[in-house]
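One structure is given below, encoded as structure tokens.
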Amino acid sequence: MAMSCKDGKNPINMDNGKYVRYTPEQVEALERLYHDCPKPSSIRRQQLIRECPILSNIEPKQIKVWFQNRRCREKQRKEASRLQAVNRKLTAMNKLLMEENDRLQKQVSQLVYENGYFRQHTQNTTLASKDTSCESVVTSGQHHLTPQHPPRDASPAGLLSIAEETLTEFLSKATGTAVEWVQMPGMKPGPDSIGIVAISHGCSGVGARACGLVGLEPTRVAEILKDRPSWFRDCRAVDVLNVLPTANGGTIELLYMQLYAPTTLAPGRDFWLLRYTSVLEDGSLVVCERSLKNTQNGPSMPPVQHFVRAEMLPSGYLVRPCEGGGSIIHIVDHMDLEPWSVPEVLRPLYESSTVLAQKTTMAALRQLRQIAQEASQSSVTNWGRRPAALRALSQRLSRGFNEALNGFSDEGWSMIGNDGMDDVTILVNSSPDKLMGLNLSFSNGFPAVSSAVLCAKASMLLQAGIQNCFLSLQHLNVPPAILLRFLREHRSEWADNNIDAYAAAAVKVGPCSLQGSRVGNFGGQVILPLAHTVEHEEFLEVIKLEGVCHSPEDAIMPRDVFLLQLCCGMDENAVGTCAELIFAPIDATFADDAPLLPSGFRIIPLDSGKEASSPNRTLDLASALEVGAGNRASSDFSANSGCTRSVMTIAFEFAFESHMQEHVASMARQYIRSIISSVQRVALALSPSHQGSQAGLRSPLGTPEAQTLARWICQSYRNYLGVELLKSSSEGSESILKTLWHHSDAIMCCSLKALPVFTFANQAGLDMLETTLVALQDITLEKIFDDHGRKTLCSEFPQIMQQGFTCLQGGICLSSMGRPVSYERAVSWKVLNEEENAHCICFMFINWSFV
């Protein structure tokens, strides 16, 4: 007899038909047992009755019913809590949207007023040519539109005047109409979105504004945001030079901030700032900033070598407490980054409000949301690392790469002469701070004697026919995310394992004890995930390079090399996002403070199209099927890929002994040039304009071979299962291939080898495996199944070969990125060629979805 989940007392139905309630002691005992084992088996329930005398008068069936009701109530409680949280979030989001609507209405009213004013101004100007008496009216109107800031000084009263003025201007941007804001491309507000993000339009400099909800208290939010180096990876340092308290309980700070340059072809930026923290009358917390300039007669900061002084226009954070906990935050970033100081081709990076929004404004929101999420989840991951420790590792990798890429002299870097070519820059660092932590012992007990660190770096522009201060890569318009994904999954295409082994010599090379689920094995490269941030597709992972020779002795028994790797910018649909692949050898202990020498790639889009492409757009099989599709697909891609120009920067670090400098420098130059050549070959193969040429890594798409394979797949399915795979009535090979490509279920083929690898997949199959047609060939069949799936497959494989097909029950498999994928059922059949010989095995996963 089933009990109602709503009855918290859990009555017992006795034989006499009356309900007897549990005693408090019995409920307490059952609750203790529930926390130890929420779903006990029948044997366990009987054991509980024997071990707990207070439950001896309760039948096992009633114990079962109690546990069912208890689980039901727990599920209801969690669901109610989730719905309450969603309701609070929707309420706060509704408040934000209402405020945004009010702001837009004010902006419309202002535009109507200004339109009327300028119309009257035009009429007055016409009359002024006949009557000079109107000149005073026009002049007074112009003065009203461009007010002049009163002069200030460096006294506390003068700084407070500047601070109050900054506060007023910041609030007018955050909640007023001082700047015309337009919605950022690709951003759609909602309860699961990062927030409402907008970019400036028609104002000086570049600007971005965001409104969002975070599950942190306002004081905690302000504390995190003021620590800019902890979340803004381009921030090198923020020095607080002076702090002044104000009469209203606020503080004024004088700051000096430096930003790393994103490429080797531009200098860094620095700012001389005033930051004002105060509390408004409604309890809102405000942190606002602006640059101090000579026109304000305030304190000054002399120029700093290797940096271009940029200007921060009134910006900051408005943080308000939210009902039910958490905060509502408004972020405004408004800067003039002095684009005149960089090569013309790079100026879009410094003139794009979208880039500013991605790198700074949205980065702040992501950091707040991630910290809030970590506070509500388990404190330790399955790797034994706290989320904060993993974030710190990501930050160290990014910061180390930026340090090597910029090579500032105050950190000990100095340039050495080139070999007659200026394509690769070599820097050397012998400072004790850089070497600290690197002089560890080898696993055999001998000390490491590295006395310096060398960095080799270069930049290249991915665009047709450009040859300036960049290396030339002709006819390349492959999106950064596609190129980076290939570099990540196909390390053997560009890397030299001997160089990896040499780089690993700076740290211990003993066996690493890391354990965990594999994302995949890509040609001797095993990816072990550590952390994944979904919002901006960032992966922190350990790369295991199998069978690498560290020394001549290792040639007999090669060892493994482990790299800590950060991969971000994998979302091709995110506008203005750079893609990075940064890695560093790690030692056997893999401690949180392990020494790191980061190396890697950074690919930055220089401009964006109106629409973003799908993740597999460069290898879209269907787009190559139309007549004359070769040229049309290329032009189509250039228009819609979201990126037609990118700059790639490469930087690699090596520890070495001082007497080996010339040898290591020569090796590093050759290695960087070899990587550039490999990247050029890969990019040419991935570029749509070269898919039909001999430069490709695979056969051209839409060829007769592909059409023949599609026909074989459909014929074999019909022969073995007696039904049609496709509903299309057309019998043409091109039509069959196109219909197969767009089939809603994931269809993929694997080879008939001892270790089957995938050879083909339709669009749904590529989406399910989270890969491309180029990367597909390195994914083995066994890697996408768990242990249970592999055992089932091994038992069913003989039936496939003898009977020709088999049906598999629903289950879980893994994508190439390690994400679990559920499917309702799967069908596998043998694909026969024209001679009735087995060509491959085809799988179809029906009703699949990411878990």
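The values are calculated or read from the model by the stated rules, or taken from the named source; none is laboratory data. Keep in mind the model is a prediction, meaning the values are calculated, not measured. Positions of Cβ are backbone-derived with ideal geometry, glycine not excepted, and every protein chain shown enters the neighbour counts. Each accessible area value is taken on the protein alone, full model and side chains, heavy atoms only, with ligands, DNA and RNA left out. Shrake-Rupley method; radii C 1.70, N 1.55, O 1.52, S 1.80 Å.
Which FRET efficiency value, to the nearest 0.05, do you get for HIS788 and ARG21 by plugging their Cβ-Cβ distance into 1/(1 + (r/R0)^6) with R0 = 45 Å? Display every interim value, and only then the final one.
Working: r = 43 Å, r/R0 = 0.96.
The computed FRET efficiency comes out at 0.55.
Could you compute how much accessible surface ARG32 exposes when probed at 1.4 Å, giving the result in Å² to the nearest 10?
130 Å²
When only alpha-carbon atoms count, how far does the stretch 29-102 stretch along each of its three principal axes, as whole angstroms with the largest first?
Principal-axis extents of the Cα atoms in the stretch 29-102, largest first: 68, 17, 17 Å.
Can you give me the distance in nm between label points at ASN94 and SER300, each placed 7 Å from the Cα along the Cα-to-Cβ direction?
About 5.6 nm separates the two model spin labels.
When only Cα pairs under 8 Å and 6 or more residues apart are kept, what is the percent relative contact order across the stretch 156-377? All intermediate terms of the calculation are to be shown ahead of the outcome.
On the way: 445 pairs, mean separation 53.9, N = 222.
Relative CO of the stretch 156-377 lands at 24 percent.
How far is it, in nm, from the label point at VAL757 to the one at LEU280 when both lie 7 Å from their Cα along the line to the Cβ?
If labels sit at VAL757 and LEU280, their model points lie 6.0 nm apart.
Rounding to the nearest 20 debye, state how big the charge dipole of the stretch 710-850 is about its Cα centre with +1 on each Lys and Arg Cβ and -1 on each Asp and Glu Cβ. If you can, show how the numbers build up before the last one.
On the way: 11 positive and 15 negative charges, 31 e Å.
Roughly 140 debye for the stretch 710-850.
Label HIS35 and SER172 with points 7 Å out from Cα along Cα→Cβ: what is the distance between them in nm?
5.8 nm
On a 1.4 Å probe surface of the protein chains, which of ASP607, ASP787, ASP333 comes out largest in accessible area, and what is the full order? Walk me through the numbers before you get to the answer.
Values: ASP607 50, ASP787 100, ASP333 10 Å².
Ranking ASP607, ASP787, ASP333 by accessible area, largest first, yields ASP787, ASP607, ASP333.
Which entries in the list LYS78/LYS783; LYS544/LYS830; LYS39/LYS791; LYS173/LYS293; LYS727/LYS791; LYS226/LYS359 go over 23 Å, if you measure between the two C-alpha atoms of each?
Those over the limit are LYS78/LYS783; LYS544/LYS830; LYS39/LYS791; LYS727/LYS791.
Assuming 0.36 nm per residue, please report the length gained on full extension of the stretch CYS203 to ARG681 beyond their Cα-Cα distance. Don't skip to the end; give the middle numbers.
Working: separation 478, 0.36 × 478 = 172.08 nm, distance 4.19 nm.
This chain segment gains 167.9 nm when fully extended.
Report the calculated FRET efficiency for SER735 and ARG82 (r = Cβ-Cβ distance, R0 = 30 Å), to the nearest 0.05. The partial results should precede the final answer.
Details: r = 47 Å, r/R0 = 1.56.
According to the calculation, E is roughly 0.05.
Have a look at PRO38, ASN87, MET98 and report the one farthest towards the positive end of the charge dipole of the stretch 29-102, computed about the Cα centre with Cβ charges (Lys/Arg +1, Asp/Glu -1).
Checked the options; the winner is PRO38.
So what's the stretch 710-850 giving for Cα Rg divided by 2.2 N^0.38 Å, two decimals? Don't jump to the answer; show the numbers that get you there.
Values: Rg = 14.1 Å, N = 141, 2.2 N^0.38 = 14.4 Å.
The reported ratio for this selection is 0.98.
When the chain is fully extended, how far beyond the present Cα-Cα distance does ARG73 get from VAL243, taking 0.36 nm per residue of separation?
On the way: separation 170, 0.36 × 170 = 61.20 nm, distance 5.40 nm.
Taking 0.36 nm per residue and subtracting the Cα distance, the gain is 55.8 nm.
List the equivalent ellipsoid semi-axes of the stretch 156-377 in whole Å, largest first, each obtained as the square root of 5λ for an eigenvalue λ of the Cα gyration tensor.
Numbers: eigenvalues 131, 103, 54 Å².
Ellipsoid semi-axes (Å, largest first): 26, 23, 16.
Give me the one-decimal Kirkwood hydrodynamic radius in Å for the stretch 214-290, with the sum taken over alpha-carbon pairs. Could the numbers behind the result be given before it?
On the way: mean 1/r = 0.0716 Å⁻¹.
Answer for the stretch 214-290: a Kirkwood hydrodynamic radius of 14.0 Å.
Could you tell me the accessible area of GLU169 in Å² (1.4 Å probe, neighbours in place), rounded to the nearest ten?
GLU169 exposes around 50 Å² with every protein chain in place.
Can you tell me the order of 839-848, 480-489 when each peptide is scored by its average per-residue count of other Cβ atoms within 10 angstrom, highest first? Could you put the intermediate results ahead of the total?
On the way: 839-848: 20.8, 480-489: 24.7.
Per-residue mean Cβ counts within 10 Å order the peptides as 480-489, 839-848.
Counting only the heavy atoms of the protein chains, how much of ASP336 is accessible to a 1.4 Å probe, in Å² to the nearest 10?
Answer for ASP336: close to 50 Å² accessible.
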